[in-house]
Structure formats: structure tokens, C-alpha cells
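The values are calculated or read from the model by the stated rules, or taken from the named source; none is laboratory data. Keep in mind that this is a model prediction, so the values were computed, not measured. Cβ: placed from backbone, ideal geometry, glycine included. Neighbour counts: every protein chain shown.
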Amino acid sequence: MGYIDAKDPASFGFENIVYEKRGRRATVRFNRPDVLNCVNLATLKELQQAFEDCSFDDSIAVVVLTGTGRAFCTGADLKEQKGEMVDSPATYWKWMGEFCRAHELLREIGKPTIARLNGIVVGGGNEFNISCDLAVAADDIYIKQVGAAMGSVAAAGATQWLPMIVGDRRAREILMLCEEIPAKQAMEWGLVNRVVPRDQLDAEVDKMCTVLEQKLPECMRYTKQQLNFWKTFSWHQTIGHARDWLSIHNRANEVHEGCTAFLEKRKPDYDKLRPPPANP
């Protein structure tokens, strides 16, 4: 018996993710394909349990994070947010705390992590991507940040980490223009490590896992710890402020318009959020 025993994945009874172990590999899969794998509170709680179990299981050498269907993850569940959080900063503050905890458990899992990008990667979904150590993408996916266009700010990873991953100017382009970054461009910019045809995605992930499994676990854990220095430093310098600011900002007109537009399947009315121009 270990100090803390790892569990059989089936024993958790997860409803929003799929958690599997095979050999030295654990796979955690976002499993809400009908809503493009956006994350609600229940999903965040399940992710935390899975990441913690991966960390505790000394037989696991590598963890793969992926999604079901045509999305990897599209960030926060805006239907949940509009229904329960737009008028309740305290509720959003609690939700944001669970989002942060999921990322911290993933980043501090103690073994290498691979984002298997099976589909579109949007908003907070990209923050899960860049919380992982490595990423392999199918060649038909894209990555996109949407906060500035939809009433939020990517303040839980993307604003802190994209400048160090892709450089300052490219980070500003991603976060300010909110345009799709195709897989090939994402690799050129350093957002992913490998891009392969869709039918080769599993084989490429398997190959990377096999290489990672043939490493010394304590050496790998400390290598990861040191590599995470700037990520961890920037995160802890900003995340508390971001959590509170986002909670208060959640009552703003911009958030209401962004959520409403999303649910009504239209573009936000940007003009009504500014006064008329002095010189039209």
C-alpha cells in the first residue's frame, strides 16, 4: 500500500470526462461533444480528481489530455455562466477558483503531459493546451482566443504564457485580433510541437508517449519543475488579481452582450458599447 493509493479510473464514475489508464499512460478526455467540450463546474471538479490521481499513480509515466468529437476544448460553458454567474460575482469567483485549481494540478502533475489536439481549440481550451508540456495536433484544427471579442479576458494562462511561448507581438495578435490560427501556423509559432494528418494523430501521440516513458521519473519531474519556473512565477503574480477582476467584471455590459450574442448565435453589437464617434 502506498502513502496515497491511486485508483481504478472506472471507480470515479465521471460524467463529463473519460479517464483511462493503459500501461504507463493515462488519458483524460473532455467528453461533452454536444457543447464542443466547453467546461462547466462539474467538469472542472472531475478534471481535478483525474489529474490528482495521475499524479499519485507512480506507475504512470505520461498523461495525455484530449477531447471527444470535433473539439479539443472551447473554454468556459457560457450557458452556465449566463445562467448562474453574470449577476453573481461571488459565484463566478468560486468557479474561477476551480478553474485555477484544475490548471495548477495539471501543471504540477509531476510527469510530462501531452495535449492531443483532436479538434478546435478555443479560449480557455487553449489555456489547457498551453498548460500541457507538449502538443500534437491534427492538421485540420485551429486555435483561437476569443475573450476580447466575447466579453472576457484570457487572464488564466494565455495572457501570462503566450508571450513567452510565441513572443510578444504574436501573443498580441492572438489575443487582440481573435483570429483562427491554423495548425501549421500554430506549429511555426511554437503553440504545438507536431502537426500530422488526422489519421496519423494517434500514431504520433503514441510515438511521443513511448519516448517519454523511457525517461527517469525523478529526473523528469525536476526537469518539468524547473521548466515551469516562469509559468509559475507569472501565474502567481497575476492570477489572484485576475480572479477578482473577472468576477467583478462579470456584471459588465460587455459580458452580458458577449454571452447573449453567443447564445443567440450572432456577433456582439460592438457599436452599442461605445458612444457615437465624434467624426463619423
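Give region 193-227 a look and list any residue that's β-branched (Val, Ile, Thr) and either under 17 Å from VAL28 (Cα atoms) or in contact (Cβ under 8 Å) with a residue 40 or more places away in the chain (or both), or say none.
VAL195, VAL196, VAL205
Looking at region 121-134 only, could you name the residues that are among the aliphatic types (A, V, I, L, M) and in contact with a helix residue (DSSP H, G or I) (Cβ under 6 Å, 6 or more places away or on another chain)?
Residues satisfying the conditions are VAL121, ILE130.
Restricting attention to region 100-145, report how many residues are among the aromatic types (Phe, Trp, Tyr) and either farther than 25 Å from ASP57 by Cβ or surrounded by fewer than 22 Cβ atoms within 10 Å (Cβ to Cβ) (or both).
Qualifying residue count for the region: 1.
PHE14: in contact with a helix residue (DSSP H, G or I) (Cβ under 9 Å, 6 or more places away or on another chain), among the hydrophobic types (A, V, I, L, M, F, W, C), buried (at least 17 other Cβ atoms within 10 Å of the Cβ) and farther than 20 Å from VAL121 by Cβ, yes or no?
yes
Every residue, every condition in (1) farther than 27 Å from LYS231 by Cβ; (2) modelled with pLDDT under 95; (3) not polar (S, T, N, Q), yes or no:
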site	(1), (2), (3)
ASP8	yes, yes, yes
ARG32	no, no, yes
GLU46	no, no, yes
ASP53	no, no, yes
GLY75	no, yes, yes
GLU84	yes, yes, yes
LEU117	no, no, yes
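Among (1) of a type in the set (S, T, N, Q); (2) over 23 Å from ASP199 (Cα atoms); (3) surrounded by 22 or more Cβ atoms within 10 Å (Cβ to Cβ), which single condition is THR74 missing?
(2)
All but one of (1) in contact (Cβ under 8 Å) with a residue 60 or more places away in the chain; (2) closer than 28 Å to LEU117 by Cβ hold for TRP93, so report the exception by its number.
(2)
Being closer than 18 Å to ARG116 by Cβ and either touching a Cys at 6+ places or on another chain (Cβ under 9 Å) or of a type in the set (Lys, Arg) (or both), is that true of even one residue in region 187-199?
Yes, region 187-199 contains a residue that is closer than 18 Å to ARG116 by Cβ and either touching a Cys at 6+ places or on another chain (Cβ under 9 Å) or of a type in the set (Lys, Arg) (or both).
Examine region 158-165 for a residue that is farther than 24 Å from PHE233 by Cβ, surrounded by fewer than 23 Cβ atoms within 10 Å (Cβ to Cβ) and either under 16 Å from the mean Cα position of the chain (by Cα) or not small (Gly, Ala, Ser) (or both), and state whether such a residue exists.
Within region 158-165 (the criterion being farther than 24 Å from PHE233 by Cβ, surrounded by fewer than 23 Cβ atoms within 10 Å (Cβ to Cβ) and either under 16 Å from the mean Cα position of the chain (by Cα) or not small (Gly, Ala, Ser) (or both)), the answer is no, since none of the residues qualifies.
List the pairs whose first member sits in region 129-149 and is over 15 Å from THR159 (Cβ atoms) and at pLDDT 95 or above, whose second member is surrounded by 23 or more Cβ atoms within 10 Å (Cβ to Cβ) and among the charged types (D, E, K, R), and whose Cβ atoms are under 6 Å apart, counting only residues at least 6 apart or on separate chains?
As it stands, the answer is VAL136/ARG116, since those pairs meet every condition given.
If you take the residues of region 167-183 that are acidic (Asp, Glu) and part of a helix (DSSP H, G or I), which of them is surrounded by the fewest Cβ atoms within 10 Å (Cβ to Cβ)?
Ranking the qualifying residues of region 167-183, first place goes to ASP168.
Would you mind finding the one in PHE56, PHE72, PHE99 that is closer than 16 Å to LEU134 by Cα, among the hydrophobic types (A, V, I, L, M, F, W, C) and touching a Gly at 6+ places or on another chain (Cβ under 8 Å)?
Result of the check over PHE56, PHE72, PHE99: PHE72.
Evaluate the following for THR43: is it touching a strand residue (DSSP E or B) at 6+ places or on another chain (Cβ under 7 Å), over 26 Å from CYS219 (Cβ atoms) and assigned to a helix (DSSP H, G or I)?
When the stated conditions are applied, THR43 passes them.
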